[in-house]
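Data block below; observations after.
None of the figures in this text is laboratory data; all of them are computed from the coordinates on show. The shown structure was predicted, so the numbers you read here are calculated from the model rather than taken from an experiment. Every residue, glycine as well, gets a Cβ built from its backbone with ideal geometry; the counts of neighbours run over all protein chains shown.
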């Protein structure tokens, strides 16, 4: 296999560049009369491009020099949609909306103008619905707009709220629904489901709030079924599950217990699809594992995709369900599932990195921590598992999650004699609203507690016996890492990849989407100054008594390089072994393959030297 070497016991061993090259991923799917389309990222190309599944082959649709990616709300999403004879996409370079005819070798046509940015695209009968971002100070403004796909004529659908998402039209075009929310709320704490009727003059009526006005609930992914009945995912009953209009009012549909979506960090997620008469296709989580199934009135539940453990970007036609899927032994792939037979076909995706028997597979575990239970996935080392040092992965977000799917980075560490604990600490999504809300005002406390208790539990269970444990995380995960190194004596060292060391400084510099996030996670920087001081790694750098390695992009505007430099200088002044690597071309989250590989090799060499 390319990018692998034989280890001393004959097994394939991945090198850093192979790990990076295996980072091929898929962002979104779209389905139209013209077929299936997807947005694909290939590390060696450094951009996202659109492909069309046609006659059993994937064909590149957009010009190679164009990368399709939205940056609305900084995290983007909904970067393209599909019509019967054209695609509509956001060009990463200028954030403008383009029309890409499906005729051979046709050039993209600019639809938007005026310097606004776009995301959350959806197509309906010749129109493209979008979230429009207008630059401003101190923050941009947002609204919902519609573009005529042929002429580019633009109209405003809704404005006045702080944030918008998921605009959708009924099949007849007479009802418009969307999700909106206002500061200081976040899309996973409280949102509103809005709906407007089309009047005889073609204009939209004053919108009414269908849900979220009185209940503290998070709503996402509104959808109309073929009969024009509106449905949506709501966490009112503890999990994001399908609700719909019924004769008796707004009510839940029969569904599996568990979240049917992750936290909506990006625009355009698609994790359920209504079928009518209360039926739907959906994916949901159970003990961290993703499931895919179809539920129809009077027929119960039929599950699909056995062997896969995460599904996203669902779409469906009369015969198939399409999704981006991954499993513990297979990287992200575009799959088609025959709804009659259940047969699954992989349409696109990288081949498995290694033979299945050489892949360290996840073992879910739950353990007591603080006032509740925390969760994670344990990956044993490839050899000498009981004596292997433990490497704890802390995901970013922090209201995000990790999944039991093939992660080339984890395999890199397992092959080099490390056991890995990939944690979904309290505050992660995928385990219900209460679990997700556990981080409220307690960031830097419960996540740190869960990291330390995971190590203790794994040792008590005999899953690891080594006294060497390391911790690593990027962005918000880097913050938890630095807090854990300062507040616990559990770890022998750690790595912070563009991690937050001064949350108060971050609150002053962050973007609109997260402008109130630090208030939710810790508190008001002025009123709760003492709390910030207690949870700021930079202030407590003297408590860190173990080596730390840092990786930082010099163009990062989220965690500015000065934060990392100050943390490094403080540790150096105390005589703590420290390394720092700065990358001139990188922003928040590394993208260049050479830099990703360099960081991975440096981190391994760092731990190996301790």
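Here are a few things to note about the model shown:
- Whole-angstrom gap from the range 157-173 to the range 526-548, using each part's C-alpha centre: 43
- Listed by Cβ neighbour count within 10 Å, with the fewest neighbours leading, 360, 141 appear as 141, 360.
- Nitroxide proxy distance, nm - points 7 Å out along Cα→Cβ at residue 605 and residue 204: 5.5
- Cα centroid separation, the range 39-115 to the range 550-610 (Å): 33
- Helix axis angle, 561-573 relative to the chain longest principal axis, alpha carbon, degrees: 10
- Percent of beta bridges antiparallel (DSSP, the range 356-608, rounded to nearest 5): 35
- When restricted to Cα atoms, the range 539-610 yields an Rg and a Dmax of 12.7, 35 Å, respectively.
- For the chain, the antiparallel share of DSSP beta bridges with both residues in that region comes to about 85%.
- Theoretical ellipticity at 222 nm over the chain - DSSP helices of four or more residues, -39500 (n - 2.57) apiece, nearest 500: -4500 deg cm²/dmol
- Relative to the compact-globule estimate of 2.2 N^0.38 Å, the Cα radius of gyration of the chain comes out at 0.95.
- Working from Cα pairs under 8 Å separated by at least six residues, relative contact order for the range 356-608 is 16 percent.
- A Förster radius of 60 Å, combined with the Cβ-Cβ distance separating residue 386 from residue 594, puts the computed FRET efficiency at roughly 0.95.
- The equivalent ellipsoid of the range 41-170 has semi-axes of 25, 17, 12 Å, largest first, where each one is the square root of 5 times an eigenvalue of the Cα gyration tensor.
- When each of 504, 104, 574, 203 is scored by the number of other beta-carbon atoms lying within 10 Å, the sequence from fewest to most is 104, 203, 574, 504.
- Average Cα contact separation per residue, the chain, under 8 Å, 6 or more apart, as relative contact order %: 9
- Taking the longest Cα principal axis of the chain as reference, the axis of helix 446-460 is set at about 60 degrees.
- Distance between the 7 Å Cα→Cβ label points at residue 54 and residue 107: 2.0 nm.
- Degrees separating the helix 593-608 axis from the principal Cα axis of the chain, which is the longest one: 30
- Relative to one another, the C-alpha centroids of the range 315-345 and the range 370-414 are positioned 26 Å apart.
- Counting every other Cβ atom within 10 Å of each residue's Cβ, 351, 133, 294 order from fewest to most as 351, 294, 133.
- Extension gain from residue 572 to residue 345, taking 0.36 nm per residue of separation minus the Cα-Cα distance: 76.3 nm
- Taking only the Cα atoms of the range 356-608, the radius of gyration and Dmax are 17.1, 55 Å.
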